[in-house]
Amino acid sequence: MPDLSHIRVLITGGGIGGLTLASFFRRFGFSYELIEKTAEWKPIGAGLTLTPNALRVFDRIGLVEALLEKGNELYTGDVLDERGNTLTHIDYRFLKEKYGFPTLGIHRTALHEVLVAAMGPAQVRTGITIDRLENGPKGATATFSDGSAGTYDLVVGADGIYSQLRAHCNGAIAPRYAGYAGWSFVVPNEAGFPGRHVVNQLGKGRRFGVIPIGREQLYCWASTHAPRQDPALRALDYQGVQALMAGMGGHLHAILQSLRPDTPLYLGDAEDVHVAQWYRQSVVLLGDAAHAITPNLGMGASMAVEDAWVLTQCLHRANSIPDALLAYEMRRKPRVEHVSRLSYLAGAVGQWRSPAAGMFRDRSLGLLPAALHAHNLEDLMMREI
């Protein structure tokens with residue numbers, strides 16, 4: 001079998017997908033360069049969930065211990081109604097007992113630190129974008145914003161939901177708006193919220209979520225129906241977010257009181273991306289660039305991790321780059337489309353505004369047996385890749 005470890009690869013994007021791919025490439029001996037468009041290379045955002053399927057992948061290159069040290073293991077979760085009553089209880093521990101890997105809440109900064117350390121010494125350039133790309137079947141030549149240029153056997157677009165590289169595979173495809181937007185933020189756990197417990201609270205056209213991500217820190221998100229790029233939402237400060245969520249019961253009020261004028265609030269529209277093909281000639285997409293998922297199942301980061309592992313394995317085992325890219329798309333596309341559909345549906349139902357629809361949703365959730373929730377959770381997270 002031909003050895004592809006000598007190929008020259010350009011990774012565009014220093015987010016979770018790009019850094020994970022770089023870490024895997026280092027483990028398997030692939031040569032690469034990585035560019036990141038921001039001049040100050042640091043993660044933007046609050047927290048996230050790493051599900052057991054992601055930890056199973058990270059275990060293959062010895063990163064689980066570092067992630068456990070940085071993150072916070074989650075044991076249980078509740079779906080609540082608007083008043084704070086429990087509709088559904090979920091126990092994540094059965095997945096750890098069966099597969100050996102927990103569910104983690106982790107700050108984006110902490111995950112970034114682990115991945116940068118795993119990547120090791122590498123050629124990383126920040127504040128750089130691609131001005132022009134000539135893509136062909138035997139390689140691609142990139143001209144960069146700093147005037148330099150390079151020729152590569154493969155260019156990986158790990159440059160996020162608003163990917164520049166996506167157009168080279170599919171033409172201009174914009175993300176699809178799901179009809180709601182949300183804030184994410186991290187606050188100190190002054191409310192005495194259980195440190196291993198997750199909450200997803202459903203209101204009428206609004207939701208609130210809480211995920212403990214470490215020692216006395218809570219990652220929270222709040223969503224509401226709104227027009228795309230709504231200027232009214234962008235004008236709200238922390239008091240505006242508190243007012244928007246007012247009236248919901250449970251722990252929410254006490255948690256929102258932990259917001260401060262200097263608490264970073266990250267507002268984003270809920271969007272997803274669907275493309276016809278993940279690669280074209282010498283350009284391939286990964287993570288949100290290929291398949292951004294609405295933020296409802298906590299699976300977006302884990303899907304990028306899976307992508308990085310499968311792409312690395314396909315390059316490691318294939319006879320040629322075209323064979324590797326075909327195998328990568330065939331293995332990943334059905335899996336990601338399935339997760340994306342479920343996430344979009346979960347968001348649509350969770351955001352129902354009609355009181356009658358909300359009552360139907362809440363009663364239906366309350367009637368579903370715990371065994372069915374566990375089965376669905378296992379099917380979603382633990383499919384072998």
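The values are calculated or read from the model by the stated rules, or taken from the named source; none is laboratory data. The structure displayed is predicted, hence computed values, not measured ones. Methodologically, a virtual Cβ is constructed for each residue, glycine included, from the backbone with ideal geometry; neighbour enumeration extends over all protein chains shown. Just the protein is used for accessible areas: all its heavy atoms, side chains included, with ligands, DNA and RNA removed. Shrake-Rupley method; radii C 1.70, N 1.55, O 1.52, S 1.80 Å.
Per-residue answers, yes or no, for (1) under 24 Å from residue 359 (Cα atoms); (2) surrounded by 18 or more Cβ atoms within 10 Å (Cβ to Cβ):
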residue	(1), (2)
151	no, no
181	yes, yes
191	no, no
204	yes, no
220	no, yes
224	yes, yes
228	no, no
240	no, no
248	yes, yes
Task: Residue list for segment 359-375, filter: within 26 Å of the chain's Cα centre (by Cα) and open to solvent by 80 Å² or more (accessible area, probe 1.4 Å) - done: 375
- [ ] Consider residue 218 carefully, then state whether it is out of contact with any Pro (no Cβ under 7 Å at 6 or more places or on another chain) and hydrophobic (A, V, I, L, M, F, W, C).
- [x] no
Open item on the list: Quick check on segment 95-104. Is at least one of its residues part of a strand (DSSP E or B) and either open to solvent by less than 40 Å² (accessible area, probe 1.4 Å) or on the phi > 0 side of the Ramachandran plot (or both)?
Closed with: yes
TODO: Examine segment 251-263 for a residue that is within 30 Å of residue 334 (Cβ to Cβ), open to solvent by 10 Å² or more (accessible area, probe 1.4 Å) and touching a Phe, Trp or Tyr at 6+ places or on another chain (Cβ under 8 Å), and state whether such a residue exists.
DONE: no
Task: Selection status of residue 311, open to solvent by less than 20 Å² (accessible area, probe 1.4 Å), within 20 Å of residue 61 (Cα to Cα) and in contact with a strand residue (DSSP E or B) (Cβ under 9 Å, 6 or more places away or on another chain) - done: yes
Open item on the list: With the structure loaded, tell me whether residue 292 is under 30 Å from residue 232 (Cα atoms), within 24 Å of the chain's Cα centre (by Cα), surrounded by fewer than 20 Cβ atoms within 10 Å (Cβ to Cβ) and of a type outside the set (Lys, Arg) or whether it fails that test.
Closed with: no
Task: Search result, residues across segment 108-145 that are assigned to a strand (DSSP E or B) and in contact with a helix residue (DSSP H, G or I) (Cβ under 8 Å, 6 or more places away or on another chain) - done: 133, 135
